[in-house]
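Step one of this worksheet: look at the structure below.
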Amino acid sequence: MGRMITPHPSRPAAPARTVRKAVVPAAGLGTRFLPATKATPKEMLPVVDKPAIQYVVEEAAAAGLDDVLMVTGRHKRAIEDHFDHAFELEQALAAKGDTVRLDAVRDPARLASIHHIRQGDPLGLGHAVLCARRHVGDEPFAVLLGDDLVDPRETLLSRMLDVRDRRLGSVVALLEVPPEQIHRYGCAAVEPTGEEDVVRVTGLVEKPDPEHAPSRYAVIGRYVLDPAVFGVLERTAPGRGGEDQLTDALQELAAGGTVHGVVFKGLRHDTGDKADYLRTVVRLACDRPDLGPEFVSWLKEFVAELDGARPTHHRDIAA
Ligand code: G1P
């Protein structure tokens with residue numbers, strides 16, 4: 001704990017904030033990705049060439065949060081190792097003079113001061129957040145869920161931290177989704193505040209049926225929480241699916257008028273299930289300056305093949 005962090009050379013210094021800590025729940029069983037997640041946490045699945053959880057920690061660090069607590073489950077070791085030094089690997093790369101790969105290996109360990117705690121029984125997101133109580137203490141803190149990757153060019157978390165600093169209480173990230181998708185998310189009832197992208201959250205419901213949803217505003221996996229949430233989580237009964245739901249605790253805080261929402265209109269990638277994950281990998285690969293140009297031209301050809309505009313390779317062979 002408390003070791004010095006070298007800022008990433010390519011990242012501009014973030015403004016000083018009252019929120020310093022981020023909590024990253026990473027204890028899910030990853031059942032949607034079996035068998036890949038049999039012995040590997042789903043948070044470690046690569047998105048292009050970085051594990052998904054690294055994008056999340058990079059986002060926290062870019063918003064100035066230099067203390068990150070991972071709430072892990074049974075696969076703690078791989079996550080711990082990823083954000084630690086790898087002396088043998090570093091020595092081998094240094095001996096070869098391979099500075100590019102050496103940086104890639106060192107980067108995760110210098111993003112932030114990373115801490116780990118085990119959730120024990122996976123009782124739900126509310127329980128995972130409650131496990132962070134001792135580490136977080138009596139301070140506001142951010143929670144970032146790994147299934148949502150906010151595009152690195154976006155500044156959603158910084159905006160949420162600004163709103164917390166000005167309005168206090170807790171802040172959720174909201175995304176307008178088509179009504180048929182709202183059942184996949186927490187959903188917020190909202191009122192305007194006069195600030196275009198900020199709403200007051202008057203109620204929250206976890207994964208409602210479309211006909212009972214109070215709005216089309218889905219809660220996406222970024223939160224800035226007041227420490228008051230811990231006391232509420234302690235007494236919140238299990239909710240939907242028999243799990244301790246963070247949404248239910250936030251509903252109580254929202255009823256007291258202390259929750260705001262930042263309406264996000266930017267780019268977010270979902271890695272929650274296989275199809276979403278594949279879309280995310282393809283999109284981020286297209287955006288990469290080193291891979292993108294070649295990959296995009298291959299992708300265009302491949303799509304043309306799928307459309308039947310050109311004979312596919314195996315059709316050629318069959319002919
Ligand atoms: C969790 C939250 C839900 C939120 C979602 C965002 O659900 O419980 O309120 O909308 O994350 O990704 P999960 O996707 O973990 O079931």
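The values are calculated or read from the model by the stated rules, or taken from the named source; none is laboratory data. Quick caveat: nothing in here was measured; it's all calculated off a predicted structure. Glycine gets a Cβ as well: all are built from the backbone with ideal geometry, and neighbour counts include every protein chain shown. Heavy atoms of the whole protein, side chains included, go into the accessibility calculation; ligands, DNA and RNA do not. Shrake-Rupley method; radii C 1.70, N 1.55, O 1.52, S 1.80 Å.
Count, please, the residues in the range 165-179 that happen to be buried (at least 16 other Cβ atoms within 10 Å of the Cβ), away from the ligand (no atom under 11 Å from the Cβ) and either modelled with pLDDT under 95 or in a strand (DSSP E or B) (or both).
2
Only one of (1) touching a residue at least 60 places away in the same chain (Cβ under 8 Å); (2) part of a helix (DSSP H, G or I); (3) open to solvent by less than 80 Å² (accessible area, probe 1.4 Å); (4) touching a helix residue (DSSP H, G or I) at 6+ places or on another chain (Cβ under 7 Å) fails for P25. Which number is that?
(2)
Given (1) free of Cβ contacts under 8 Å to residues at least 60 places away in the same chain; (2) crowded, with 17+ Cβ neighbours inside 10 Å, identify the lone condition not met by H85.
All conditions pass for H85, except number (2).
Restricting to the range 253-291, name every residue that is more than 14 Å from the ligand (Cβ to nearest atom), open to solvent by 40 Å² or more (accessible area, probe 1.4 Å) and under 21 Å from T31 (Cβ atoms).
K274, A275, L278, R279
So in the range 123-140, with the set limited to residues that are aliphatic (A, V, I, L, M) and closer than 10 Å to P25 by Cβ, which one is surrounded by the most Cβ atoms within 10 Å (Cβ to Cβ)?
Taking the candidates together, the pick is A128.
How many residues, within the range 239-252, are farther than 16 Å from D121 by Cα and open to solvent by 60 Å² or more (accessible area, probe 1.4 Å)?
Number satisfying all stated conditions: 3.
From the residues in the range 185-196 that are open to solvent by 10 Å² or more (accessible area, probe 1.4 Å) and in a strand (DSSP E or B), which one is farthest from the ligand (Cβ to nearest atom)?
Restricting attention to the range 185-196, the residues satisfying the condition of being open to solvent by 10 Å² or more (accessible area, probe 1.4 Å) are 185, 189-196.
Right, trim to in a strand (DSSP E or B) and you get 189-192.
Values: A189: 14, V190: 15, E191: 20, P192: 22 Å.
Within the range 185-196, the match that is farthest from the ligand (Cβ to nearest atom) is P192.
Filter the range 197-226 down to the residues that are within 25 Å of D151 (Cβ to Cβ) and hydroxyl-bearing (S, T, Y), then identify the one that is farthest from the ligand (Cβ to nearest atom).
The residue in question is S215.
Residue-by-condition table, conditions (1) touching a residue at least 24 places away in the same chain (Cβ under 8 Å); (2) basic (K, R):
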| site | (1), (2) |
| --- | --- |
| K21 | yes, yes |
| A36 | no, no |
| V48 | yes, no |
| P51 | yes, no |
| E59 | yes, no |
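Could you check I182 against (1) in contact with a Cys (Cβ under 9 Å, 6 or more places away or on another chain); (2) hydrophobic (A, V, I, L, M, F, W, C); (3) in a helix (DSSP H, G or I) and say which number it fails?
Condition (1) is where I182 drops out.
Name the residue that is nearest to the ligand (Cβ to nearest atom), counting only residues in the range 227-238 that are assigned to a helix (DSSP H, G or I) and surrounded by fewer than 21 Cβ atoms within 10 Å (Cβ to Cβ).
V232
Where the second residue is open to solvent by 30 Å² or more (accessible area, probe 1.4 Å) and the first is touching a residue at least 40 places away in the same chain (Cβ under 8 Å) and lies in the range 89-110, which pairs have Cβ atoms under 7 Å and are six or more apart or on separate chains?
Once the first residue is touching a residue at least 40 places away in the same chain (Cβ under 8 Å) and sits in the range 89-110, its partners that are open to solvent by 30 Å² or more (accessible area, probe 1.4 Å) give D107/H8; P108/H82; R110/I5; R110/T6; R110/H8.
I'd like to know if the range 93-109 contains one or more residues that are open to solvent by less than 10 Å² (accessible area, probe 1.4 Å) and either in contact with a strand residue (DSSP E or B) (Cβ under 6 Å, 6 or more places away or on another chain) or among the small types (G, A, S) (or both).
yes
For G241, are the conditions met, namely being within 15 Å of the ligand (Cβ to nearest atom) and either on the phi > 0 side of the Ramachandran plot or without any contact (Cβ under 8 Å) to a residue 24 or more places away in the chain (or both)?
yes
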